[in-house]
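Inspection log for the structure reproduced underneath, given as structure tokens.
All of the numbers you see were taken from the coordinates with simple rules; none came from a lab. Worth saying up front: this structure is predicted, and the values here are computed from it rather than measured. Positions of Cβ are backbone-derived with ideal geometry, glycine not excepted, and every protein chain shown enters the neighbour counts.
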Amino acid sequence: MKPTPVLIALSVAGLALSGCGFTPLYATNGAGAALAEIDIHPPKTNTEYKGTAEDRTSFLLRQSLIDELTSRNAGPARYTLDTTITERRIPRGVRVNNVANQYEINMTVAYVLTDSATGKIALSGFAPVIVDYDSADPPYAGTVGAQNGEERAAQQAAIQVRLALARYFAGRPASGPGMVETPLPNASPALTPP
């Protein structure tokens, strides 16, 4: 069988990645095994938005984190993950009748990974997310748009937290694009990075 150009390109790419220390996330010795040993506590909220979505956003974030970090096997967890949500909704764009036609969700998730055995903080940081959604005139459409925005914000924050945890467990620096490693003004002292 004659090698095709695609097969040759894939072989070269595989050799190049193996030479630079690339390890698949969910490989046997990858960071995925450590991600499955994290107990995810229900998020706390420190939000300026006082609507009915406050508890819903916490639920969505926890479910997204469970999806991103894989389900944990039975037995004691080696780490615990605590999160705090700070959420603001800002009206953007105004119709002729002076009603906002678009909203922006500014959500920041502060996370703290604690070693269960020692009680020491292993990693802490912030995952900022900005998502917008349209506000339609029909009430049902406006509610669906807001809920969709909350779901997207929770999913994006969970992905950022997973990437930071994967970098930590892989031995790489925890800072990277899209991550804020400096304290925010409204953050509690327990969630301030060391």
Need the full-extension length gain, ASP132 to ALA77, defined as separation in residues times 0.36 nm minus the C-alpha distance. One decimal, nm.
16.2 nm
For region 56-156, just say rounded, prolate or oblate: build the C-alpha gyration tensor, square-root its eigenvalues into a ≥ b ≥ c, call rounded for a/c under 1.5, and beyond that prolate if a/b exceeds b/c, oblate if not.
prolate
Computed FRET efficiency, Cβ-Cβ of ALA141 and THR70, R0 41 Å: what is it to the nearest 0.05?
0.70
Points 7 angstrom from Cα along the Cβ direction at ALA117 and GLN102: gap in nanometres?
5.1 nm
